[in-house]
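Student: Here you go, one structure.
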């Protein structure tokens, strides 16, 4: 939806089968990174802790990470694993915004009720709530708002380390069609080389 290119990313028919960190280079100046889902990753029980540790390592130690889009299914009541993940982001000072997805799949009343319940559950962790967006990949709703967040984030630079090279600005017109030059790649979400056995299934 963000790139305006249908079928840009390979999608498995099995939910959560993705085990790779996928990189999409946009306009040769910045990267959109798709992390494996922490909730439904199809990995062996004994490997799941290390798998999630790899995602944890990426989010905490990537020096040029600018912002995380935490995707929350708006069709569901607040899920414990989503709440835990948001709390983990807060505790580790990872910059993020909340993006409630699939708003086309339920009634507006149901969607808004789920969003309100989620924000109420996390409100105690914030003096100022993170930015909240709603989107639908089916209808394109919210695309413009998310692209403006990306543009503003690129202008501000990475959250840590040295300033990034100047990035090509997003076009002023962000409604489809939105032509982006994209180069896709991936790398395995390898666990850190650590022999210590992890007890939990995820770090947050």
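Nothing in this text is a laboratory measurement; each read-out follows from the coordinates by a stated rule. Note that the structure is a prediction, hence the values are computed from the model and not measured. Positions of Cβ are generated from backbone atoms using ideal geometry, with glycine treated the same way; all protein chains shown enter the neighbour counts.
Student: Taking R0 as 22 Å, what's the FRET efficiency between residue 128 and residue 83 from their Cβ-Cβ distance, rounded to 0.05?
Tutor: Computed FRET efficiency for residue 128 and residue 83 comes out at 0.75.
Student: Just to confirm my numbers, what's the Cα centroid distance between the stretch 128-150 and the stretch 55-78 in Å?
Tutor: That distance is 15 Å.
Student: Distance in nm between label sites at residue 113 and residue 34, each 7 Å beyond Cα in the beta-carbon direction?
Tutor: Calculated label separation equals 3.2 nm.
Student: While we're on this one: Starting from the Cα of residue 139, step 7 Å along the direction of its Cβ; do the same at residue 6; then give the gap between the two resulting points in nm.
Tutor: My value for the distance between the label points is 1.8 nm.
Student: For an R0 of 30 angstrom, estimate the FRET efficiency from the Cβ-Cβ distance between residue 23 and residue 76 and round to the nearest 0.05.
Tutor: The formula returns an efficiency of 0.60 here.
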